[in-house]
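Data first, discussion second: the structure below is written as structure tokens.
The values are calculated or read from the model by the stated rules, or taken from the named source; none is laboratory data. Bear in mind the structure is a predicted one, so any value in this text is a computation, not a measurement. Cβ: placed from backbone, ideal geometry, glycine included. Neighbour counts: every protein chain shown. We work out accessible area using only protein heavy atoms, side chains counted, and drop any ligands, DNA or RNA first. Shrake-Rupley method; radii C 1.70, N 1.55, O 1.52, S 1.80 Å.
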Amino acid sequence: MSTAPPDAQADHNQRQAAHFDTHADKFMGPLTADVEARLASFAKACPLPPGARVLDVGTGTGALVPHLQAAGAAYVLGVDLSPRMVELARSRFPDLGSAGNTHGARFWCGDAAALPSFQGPFQAAFFNGMFGNLLDQHDTLARVTLMVAHGGHVIISHPLGRDYVDQLKAAAPEIVPHTLPTESELRAMCADLPLKLLSIDDGSNHYLAVLQVPSLYALARAPVRMGGNVVTGFGRGSAKMGVPTANLPPDELAATLSGLSRGVYFGWAALKGEPGVHKMVMNIGKRPTFADGAGDTVEVHVMHDFGRQFYGEELRVVVVGFIRPEMRFANIGALVDRIRADVGISRNMLDAPQMASAASDPYLAFK
Ligand code: ADP
Ligand code: RBF
Ligand code: MG
């Protein structure tokens, strides 16, 4: 996935914070009735279950927050890069601190792409009036999507529309590097994300795209079968991460892999000569978290204790689901935390009847 270099991202975030710190007070003025009405309709764009937790990315002074609350959000977390904006937003709502489970609105100052996972999961995440301000729209969309519960929604909206954002971009590209994606651009952006585009209204003076995180993370082309004799990797999976990964030979699998984007998948695995079919989660990619991550690897973590190593032996997998694209993490601890979440999601998803049936795929019986 495209990821801006960390220093470019840090520079961009600093520029956003400084710009909105300077202009924050202008965002406290009343909005027109028209804009308020559009914000109200955006907040109702997806169902919010009772007790819903909602993330408002680029909350500014919290303009969308009352509308989210009116639409049924019990818990709103507003996130913004500008400390002054966050200060003003906090001044408009009862002070609840920055974490906790009491219903109401809270605010967190920082990059939504770096929001600690304990703040989630959310039933919905909104990018309102700010998507063009992101340096790497795909990367931030991917990371925020991981904070949204399965079956939840991601909303990209703007109360003044794409033409307006075009003008902002033309006037100050260092602050607004992108415009809003057209329908085909949004589909392309979501191609390797666990997101389904439910609707898009790209009107002349408003923009509303409604995306959903699938409830089963099913892979469109499932089942995908692949296998091979286990090869050695970098010796890090078990030793440094506590997650052994049996590496499959990528060259032999080139034809199968060409149709799959880099990322994390799950399904079923069997080792030749050993009884049983086991749940597995796997990564296909280049391990961008590590300096030695370059060549493509296919790594399978089998959720079973074999009590031994099995290098050179034949491992087969049937892939049924896709969780997320491969990403660069700030450090090995953050990667391991995320892999643990991937293991948990996979284990749960594979219990669903649609996913469980693939365990009896004849390919896994070596016949
Ligand atoms: P490498 O870097 O060589 O791939 P790892 O530390 O990732 O080494 O460990 C992977 C090896 O551990 C596999 O090749 C396999 O022989 C063994 N292993 C044992 N149990 C498992 C398991 N449940 N899932 C994956 N590999 C396992
Ligand atoms: N490496 C990354 O650099 N980024 C990832 O997003 C990533 N996701 C993974 C998800 C799972 C479920 C597994 C098993 C591995 C993942 N890896 C990822 C690969 C990891 O870096 C690799 O297993 C170790 O470096 C050992 O080779
Ligand atoms: Mg390995």
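For the chain, the orientation-averaged shadow of the C-alpha convex hull comes to 18.9 nm² (one quarter of the hull surface).
Only helices reaching 20 angstrom along their own axis (Cα) with mean Kyte-Doolittle hydropathy no lower than 1.6 count here, and not one DSSP H run of the chain does. Packing here is the average count of other Cβ atoms within 10 Å per residue, and on that basis the peptides 277-289, 15-27, highest first, run 277-289, 15-27. Counting Lys and Arg as +1 and Asp and Glu as -1 over every other residue whose Cβ lies under 11 Å from the Cβ of L135, the net charge comes to -4. FRET efficiency for the pair A254 and D292, taken as 1/(1 + (r/R0)^6) with r the Cβ-Cβ distance and R0 = 22 Å, rounds to 0.55.
Counting pairs of alpha carbon atoms under 8 Å apart in space and at least six apart in sequence, what relative contact order in percent does region 1-155 give?
Reported as a whole number, the value is 25 percent.
Partners of K169 within straight-line reach, counting lysines whose Cα lies under 24 Å from its Cα and excluding those fewer than 8 residues away in the same chain: K26. Each of A352 and A334 was given a label point 7 Å from its Cα along the Cα-to-Cβ line. The distance between the two points is 2.9 nm.
For the pair S204 and Q309 in one chain, pulling the backbone fully straight at 0.36 nm per residue adds 31.7 nm over the alpha carbon distance.
Each peptide in 88-94, 125-131, 243-249 gets a packing score, the mean of other Cβ atoms within 10 Å over its residues, and the list from highest to lowest is 125-131, 243-249, 88-94.
Ordering S184, A10, P362 by the projection of their Cα atoms onto the charge dipole of the chain, which places +1 on the Cβ of Lys and Arg and -1 on the Cβ of Asp and Glu, puts P362 at the extreme positive end. Pairwise Cα distances in region 123-196 exceed 17 Å in 44 percent of cases.
Considering only protein heavy atoms and a probe of 1.4 Å, how much of the accessible area of region 1-97 is carbon and sulfur, as a whole percent?
Exposed carbon and sulfur together represent 59 percent of the surface.
Please state, to two decimals, what the Cα-based radius of gyration of region 1-152 comes to when divided by 2.2 N^0.38 Å (N = residues).
Scaled against compact globular proteins, the figure is 0.99.
Over the chain, dividing the summed -39,500 (n - 2.57) contributions of all DSSP H runs of at least 4 residues by the number of residues returns a 222 nm mean residue ellipticity of -8000 deg cm²/dmol. All Cα-Cα separations within region 9-97 were binned at 10 Å from zero, giving a P(r) of 17, 45, 31, 7, each value a whole percent of the pairs.
Using a cutoff of 8 angstrom between alpha carbon atoms and counting only pairs six or more residues apart, the relative contact order for the chain works out to 13 percent. Taking every C-alpha pair closer than 8 Å and separated by at least 6 residues, the mean separation divided by the residue count of region 106-181 gives a relative contact order of 36 percent.
Between the alpha-carbon centres of region 1-77 and region 235-313 there is a gap of 39 Å.
By DSSP, the beta bridges lying fully in the chain are antiparallel in about 65 percent of cases. Highest mean packing first, where packing is the average number of other Cβ atoms within 10 Å per residue, the peptides 74-84, 103-113 line up as 74-84, 103-113.
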